[in-house]
Structure formats: C-alpha cells, structure tokens
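As structure tokens, the structure follows; a few thoughts come after it.
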Amino acid sequence: MKFLVATDGSQSSERALEHALSITTAADAEMAVVSVVDPEVREFPAADEPIDIGDVEGNLIRESIDDAERRTERILENARAMATAEDVEPKTEMLYGDPVESIAEFAAEKEYDGIFVGHRGLSEAAERVVGSVAKGLVERSQVPVTVVRETA
Amino acid sequence: MNAPDADLLVAVDDTGASYRAAEFGIEWSAATDRSVDIVHVGSSLTEADIRTWIESLVVEYGVVASVDVVSVDGSNDPVPERLGEVVRDGDYELLAMGNENRGYLDDLTHESVSNPVIEDVSIPVVLVP
C-alpha cells in the first residue's frame, strides 16, 4: 500500500501527517508528502483607513512564486524530518495549481491507496469564501480521504 | 450500548459507499492488526443483517480481521449527532464512513452526513468513495 499526505504546514496538516505515519508504520506501507505552491496574499497596514475597494486592493501584497516555492520547500523539509524521526522515508513533491485539483490528479495518476489531509474547521460562512481543500478532496478523490482536524 | 474497545469505527447505512467503507475497515484491520467496530446508524438493516454481511466480507477477503458489530439505541436525533455520540462514548482512533459523490443539485436537496460529522468529532475521519 502507499499513502499520500497533503500538507500546507498548518497544525491540522501536522496532525494528519502524524496520523498517516502511524498507519504507514503499522501497515508497512510507503508514503509520499505533497504541498501545493500557493502564493499567500497579505494585507499591510495603510496610513489611512481605506474608503473604497481600490484602497483595500492597494494594501494587499501577493507573495512571489519564488518566495512561495521556498516556503513550500520548508514545509516539505519539516514533514520529511517528522517522518524520518519515525523511521519512514517519504518521497516529497511540490505541486502547482488549484490545490484540490492538483492533489486529486497526482493521487490518481500515481495510484495512491489513500490521502491524508488536515482540516481547519472554518465557520460555514468562511468556508463559503475560501473553500476547504479537505472537503474538496473528499468530493474529487476516487480513493479514501482521511480528514484530520486541528485540536480544539 | 456497551462501551466499545476497538481502534476503528465504521459507520454504515444502506448506501453503496457504506459497503466500500466496510471493505475498507476489514482491509485496514488486516493490514494494521487493529480491531474494528461496525455501527449501523440511520439504516434499515438489522444488527443480524449487518453481522451476516460483515462475516461474508471477511470470508470473501480471506483476511483475519477483528470485527464487532455494535448498535445504537433508536433515536429521533439526526444521524450525525447520533454518530458523534457513539464516537465520543468509545475510545476510537479513527472513524470511517462512506461518501457518495453527488452532483450540485443533489447537494441542494440532500443533507450531507459526512460534513457535520467532520466538524463534530475530534478523531480523524476517513471518507470512502
């Protein structure tokens, strides 16, 4: 058997990885860890209160692809270190594009037997805006998806 | 219901995805040498039906699996709430359940069981397509 862990470096992703490591070890399986290069958008404080949408957009900074790749590589390095500490040697892979589509396609193409993913448990309203990668994978995946929540 | 003492809880109803979730549970039990409870919630099947079905699956898969079938008391509470209570009453490591991939129109007319369960329970949840 071989399992795929999708991580974004969040607490719930680390819990998903820990859970996947216990199953991988118990089942003597193989594991791979993927992370999607997904540039962050951050707001920086403006001198004046924004008065329209143009002001708000002017205060947003989009992370460059290079910075996002470096951040993703650090996430994968951390995941690799966690796995190695449990005597598991995972393959790691950076993916690009929509997180749900790219992870689901990678899992199908490489014929993984299961996917492990964290879930932040956003409010229903927040989820309508930013979506949930975990729930998107549940709908798209042809193999079992293990959803691991953040601790309370 | 007695407090269960298994590692994996598989929730089943009458759907095809439930059948695959039960198969997943048996394969998981065999691969990891851990025990499985099967709980039927919101199902028209009896405990005897489920037991016969699971025993036939174990034979079909030719695995040595530790499987038990548990029941929940009849209740008018919604299925996700009843399932959440079973998870909290037990000391489970993992919950598995089937997930029927539905279209957008189906999503508008049917309440999802898996989404509220994912939000409710603290243990990992495996959704089996």
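The values are calculated or read from the model by the stated rules, or taken from the named source; none is laboratory data. None of these values were measured; they are calculated from a predicted model. Don't worry about glycine lacking a Cβ; one is built from the backbone with ideal geometry, like all the others, and counts go over all protein chains shown. Surface accessibility is based on the protein's heavy atoms, side chains included, excluding ligands, DNA and RNA. Shrake-Rupley method; radii C 1.70, N 1.55, O 1.52, S 1.80 Å.
Please go through region B:19-39 and pick out each residue that is assigned to a helix (DSSP H, G or I), over 15 Å from B:THR52 (Cβ atoms) and not aromatic (Phe, Trp, Tyr). Reasoning before the result, please.
Kept after step one, since they are assigned to a helix (DSSP H, G or I), are these residues of region B:19-39: B:19-32.
Right, trim to over 15 Å from B:THR52 (Cβ atoms) and you get B:20-21, B:23-25, B:27-32.
Result: B:ARG20, B:ALA21, B:GLU23, B:GLY25, B:GLU27, B:SER29, B:ALA30, B:ALA31, B:THR32.
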Practice prompt. Keeping to region A:1-31, report how many residues are over 18 Å from A:GLU73 (Cβ atoms) and among the hydroxyl-bearing types (Ser, Thr, Tyr).
Written response: 4
Item to complete: State all residues of region B:30-57 that are open to solvent by 20 Å² or more (accessible area, probe 1.4 Å), touching a Leu at 6+ places or on another chain (Cβ under 8 Å) and not basic (Lys, Arg); if no residue qualifies, say none.
Response: B:SER35, B:TRP53
Worksheet item: What are the residues in region B:116-129 that are within 7 Å of chain A (Cβ to nearest Cβ) and closer than 13 Å to A:LYS135 by Cα, if any?
Response: B:ILE118, B:GLU119, B:VAL125, B:VAL126, B:LEU127, B:VAL128, B:PRO129
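Considering B:GLU60, B:GLU27, B:GLU23, which residue is on the phi < 0 side of the Ramachandran plot, exposed (fewer than 13 other Cβ atoms within 10 Å of the Cβ) and modelled with pLDDT of 85 or more? Even if it seems obvious, please write down each step before you answer.
Details: B:GLU27 fails: exposed (fewer than 13 other Cβ atoms within 10 Å of the Cβ); B:GLU23 fails: exposed (fewer than 13 other Cβ atoms within 10 Å of the Cβ).
After ruling out the rest, the residue left standing is B:GLU60.
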Worksheet item: open to solvent by less than 30 Å² (accessible area, probe 1.4 Å), touching a Leu at 6+ places or on another chain (Cβ under 6 Å), among the hydrophobic types (A, V, I, L, M, F, W, C) and modelled with pLDDT of 95 or more, is that true of A:VAL138?
Response: no
Fill in: Residues (part of a helix (DSSP H, G or I) and either open to solvent by less than 20 Å² (accessible area, probe 1.4 Å) or closer than 17 Å to A:THR84 by Cβ (or both)) located in region A:1-18
A:SER12, A:SER13, A:GLU14, A:ALA16, A:LEU17, A:GLU18
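Scan region B:80-94 residue by residue and report those that are of a type in the set (Gly, Ala, Ser) and over 18 Å from B:ASP13 (Cβ atoms).
Within region B:80-94, the first condition is being of a type in the set (Gly, Ala, Ser), and the residues that meet it are B:84, B:90.
Within region B:80-94, just B:GLY90 meets the criteria.
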Practice prompt. State whether the residues of region A:115-131 include one that is modelled with pLDDT of 95 or more, closer than 16 Å to A:GLU30 by Cα and either surrounded by 17 or more Cβ atoms within 10 Å (Cβ to Cβ) or away from chain B (no Cβ under 13 Å) (or both).
Written response: yes
Discussion item. Under 8 Å between Cβ atoms, which residue pairs at least 6 apart in sequence (or on different chains) link something in region A:1-17 that is without any contact (Cβ under 8 Å) to a residue 12 or more places away in the chain with a partner that is open to solvent by 20 Å² or more (accessible area, probe 1.4 Å) and assigned to a loop (DSSP other than H, G, I, E, B)?
Written reply: none
